[in-house]
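We did not get these values from a lab; they are worked out from the coordinates using the rules stated. None of the values given here were measured: they were computed from a predicted structure. Methodologically, a virtual Cβ is constructed for each residue, glycine included, from the backbone with ideal geometry; neighbour enumeration extends over all protein chains shown.
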Amino acid sequence: MIVYGVALLSGCLILGMIIGEALGIALNVEANVGGVGIAMLFLVLASNSDKFKEVTHGAAGSGIQFWSAMYIPIVVAMAARQNVAAAVDGGLLALAAGVAAVIVSFALVPILSKLSGTATPPEDNEEQGAV
Amino acid sequence: MDILETVFVRNNLIVAFAVVGVTIWISYFLADKLTQGRIHGSAIAIALGLVAAYFGGVATGGNTGLADVTLLGGIGLMGGGMMRDFAIVATAYGVHLSELKKAGIAGVISIFAGVIVSFIVGAAIAVMFGYTDPTAITTIGAGAVTYIVGPVTGEAIGASDAVITLSVAAGLVKSILVMIGTPLVARHIGLNNPQSAMVFGGLMGTTSGVAAGLAATDPKLVPYGAMTATFYTGVGCLLGPSVLFFIVSAMF
C-alpha cells in the first residue's frame, strides 16, 4: 500500500520535529534544532532495516519516492515565494554582507571537505587562527 | 473573470501544481535548446521562480513573492515550510548510513565553522558601514548567518526594527545567492560527493538556499546537504544572542 510509505514518511517528520522543538526548548533557543535532519536519520534507519521492509519496499516505497521526486517542483515553488523584493530593497549593506558570507563559505567547502578523510590530513589551523 | 477567480482560489494548491509543472517544462526546454544542457533545467526553473517572486513582491507589496498574487496563492502552500521539509525528508530514502558516518565529524565542524565565519563576515561588513553599536553589529552579523537567526538574535538583544529588517535582507541575499551560485561554483569547490555535500550544507546553512542550490547541481546530493543544513539555524540561534553577542560587546 502506497499510503504506508507516506505514513512512515509523515511519522518520521513528526517525530523529528518534536525532538527538534524539544532540543530548542532544552537549549533555550527560539528555533527547531535539526528537526528535519533528525527525521531524515529516522528514514535512513528505517529504509536500511529489514524490520521496516513492509513499509519501505514495493508499493509503500513508491509512496516515499513520489515525494522525493516532488522535491524539485516544491523547491521551484519555494523560490517563487521568497521575499526577493525585500532582499533587493535591503541596499548595499545587506547585499555586501550576504555576498561576502556566501563567498567565504564557498571557499571553505574544499578545506573542510578534506576533514572527512578522503584526502590529506586536516589543515584547519590557519582558519581557526582567524576565528 | 469571477468564475475563473473562484475556481483558481478554491483549488489553489492544484493551480500551483499546474503552474510549477509548466514552468519546469519550459525550463527544461530552454536548458536543452539554448544551453545544450550546460545549465541544469532545475537551475533555470529556480531562477524563473525567483524572478517571478520579485515581480510578485513588487506588484503586491507582500512578503511571500508570487504567493501574494491572489490567483497564485497555492504557491505559498506548495513552497511553504511544511511541504519543503516533507520533501526534503523523502530525499533521504535510499541514503546509506555509511556515507553519513564518513562525513560525521567534518559535518559537525562545518556547522559551527559556517555559523561563526558567516557571523564574522557580516559583523565586519556592518563595522565597515560605520556601525559601532554592539547590538546592531551582532544583529547584522546574525543576519548573514540566516534570515531567521538575524531577527531571533535582534529581538533577543533588543536591536531596532530597522537593523532587524537589514539583517533579514542580508540573510535573504545569502539564501538567493546560494540558490543561484551553487551550480556555478560546484565544480571548483569539489562539490560532487556526499561528504562534500554534507560539509557544504553545514557551511551554508540556509535550508532554502542549500535545498535549491543542490537540486540545481545534482539532486543526488540533496539529502546529504540538507541533513547538516537543518542544524545550522538552531546552532545560529544558540550562539547569536549569547556567545557571539558577548564577544562583540567586549570588543565595542
The range B:2-79 pair-distance distribution - Cα-Cα, 5 Å bins, rounded %: 3, 17, 21, 21, 17, 11, 7, 2, 0
Proximal lysines relative to A:Lys114, as straight alpha-carbon distance under 21 Å, when same-chain residues fewer than 8 apart are discounted: B:Lys101, B:Lys102, B:Lys220
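Can you give the calculated 222 nm mean residue ellipticity of the protein assembly as shown, where each DSSP H run of n ≥ 4 adds -39,500 (n - 2.57) and the sum is split over every residue, rounded to the nearest 500 deg cm²/dmol? Could you put the intermediate results ahead of the total?
Numbers: 22 runs with 290 residues, N = 383.
That comes out to -24000 deg cm²/dmol.
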Would you mind giving the mean number of other chain beta-carbons within 10 Å of the Cβ of each residue in A:48-57, as a whole number? 1
If you take each beta carbon of peptide A:21-29 and count the beta carbons of other chains within 10 angstrom, what is the mean? 3
Under a 10 Å cutoff between Cα atoms, tell me which one of B:Ser208, B:Ser242, B:Ser167 has the largest fluctuation in the Gaussian network model of chain B. B:Ser242
Based only on the alpha carbon positions, what is the Kirkwood hydrodynamic radius of the protein assembly as shown, in angstrom? 20.9 Å
Only Lys, Arg (+1) and Asp, Glu (-1) charged, at Cβ; the protein assembly as shown dipole about Cα centre in debye: 800 debye
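Just tell me how shielded B:133-146 is by partners: mean number of partner chain Cβ atoms within 10 Å of each residue's Cβ, no decimals. Spell out each step's value before the answer.
Details: counts 0, 0, 0, 0, 0, 0, 0, 3, 2, 0, 6, 10, 1, 2.
If you average over the peptide's residues, the count of other-chain Cβ atoms is 2.
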What helices in chain B pass both tests, a Cα length along the helix axis of 27 Å or more and a mean Kyte hydropathy of 0.0 or higher, using whole DSSP H runs? B:12-33, B:41-60, B:104-128, B:161-185
Would you be so kind as to identify which of A:Ala94, B:Asn63, A:Gly35 lies farthest towards the positive end of the dipole of the protein assembly as shown, taking Lys and Arg as +1 and Asp and Glu as -1 on Cβ and the Cα centre as origin? A:Gly35
If you count, for each residue, the other Cβ atoms within 10 Å and average over each peptide, how do B:90-103, A:101-114 line up from highest to lowest? A:101-114, B:90-103
Long-range share for chain B, i.e. C-alpha pairs more than 34 Å apart as a percent of all pairs, stands at 23 percent
Most to least packed among B:197-203, B:215-221, A:53-59, A:11-17 [average Cβ atoms within 10 Å]: B:197-203, B:215-221, A:11-17, A:53-59
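When the Cα atoms of the range B:133-221 are enclosed in a convex hull and the volume is divided per residue, what value in Å³ results? Show your work: numbers first, answer last.
Values: hull volume 7.4 nm³, N = 89.
Normalising the Cα hull of the range B:133-221 by residue number yields 83 Å³.
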Based on C-alpha coordinates, I'd like the Rg and Dmax of chain A, in Å. 20.1, 55
Alpha-carbon centroids, the range B:1-80 and the range B:212-236: separation in whole Å: 22 Å
